[in-house]
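Visitor: I have a structure I would like to understand better, so I am pasting it below and will then ask my questions one at a time.
What follows draws every value from the coordinates through simple rules; no lab data is involved. Keep in mind it's a predicted model, so treat the numbers as computed, not measured. Cβ sites come from the backbone with ideal geometry, for glycine too, and all protein chains shown count toward neighbours.
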């Protein structure tokens with residue numbers, strides 16, 4: 001999978017999870033993809049101060065991204 005395909009797949013994954021985040025007043029933005037296997041995102045809105053945002057990041061966001069781009073190893077949030 002080339003860089004463009006990888007980016008498109010990660011964006012598709014974020015589009016899939018975005019409605020769930022939006023329903024709680026949050027959102028998510030892709031910041032970067034490094035070395036083709038490390039994704040950095042920015043949780044926004046209500047998600048920035050939510051007490052379960054790390055669970056959302058791992059159980060929701062990371063799982064969904066890996067469904068579309070299995071080579072991704074890590075997903076981290078930056079403030």
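Visitor: Against the definition (exposed (fewer than 15 other Cβ atoms within 10 Å of the Cβ), under 15 Å from residue 30 (Cα atoms) and under 12 Å from the mean Cα position of the chain (by Cα)), how does residue 41 come out, yes or no?
Guide: On the way: exposed (fewer than 15 other Cβ atoms within 10 Å of the Cβ): no; under 15 Å from residue 30 (Cα atoms): yes; under 12 Å from the mean Cα position of the chain (by Cα): yes.
In short, no.
Visitor: Given the criterion over 21 Å from residue 2 (Cα atoms) and not in a helix (DSSP H, G or I), identify the matching residue among 32, 51.
Guide: Values: 32 fails: over 21 Å from residue 2 (Cα atoms).
On inspection, the qualifying residue turns out to be 51.
Visitor: Do we have residue 21 as under 21 Å from residue 79 (Cα atoms) and under 8 Å from the mean Cα position of the chain (by Cα) here? Quick ask: steps written out before the conclusion?
Guide: Details: under 21 Å from residue 79 (Cα atoms): yes; under 8 Å from the mean Cα position of the chain (by Cα): no.
No: the conditions fail for residue 21.
Visitor: When the residues of the range 67-79 are filtered to those that are in contact with a helix residue (DSSP H, G or I) (Cβ under 8 Å, 6 or more places away or on another chain) and closer than 13 Å to residue 6 by Cα, which remaining residue is surrounded by the fewest Cβ atoms within 10 Å (Cβ to Cβ)?
Guide: Across the range 67-79, the extreme among qualifying residues is 71.
Visitor: Is there any pair with a first residue in the range 54-76 that is in contact (Cβ under 8 Å) with a residue 24 or more places away in the chain and at positive phi and a second that is part of a helix (DSSP H, G or I) and surrounded by fewer than 17 Cβ atoms within 10 Å (Cβ to Cβ) whose Cβ atoms are under 6 Å apart and which are 6 or more apart or on different chains, and what are they?
Guide: Here the result reads none, with nothing in the range 54-76 linked to a residue that is part of a helix (DSSP H, G or I) and surrounded by fewer than 17 Cβ atoms within 10 Å (Cβ to Cβ).
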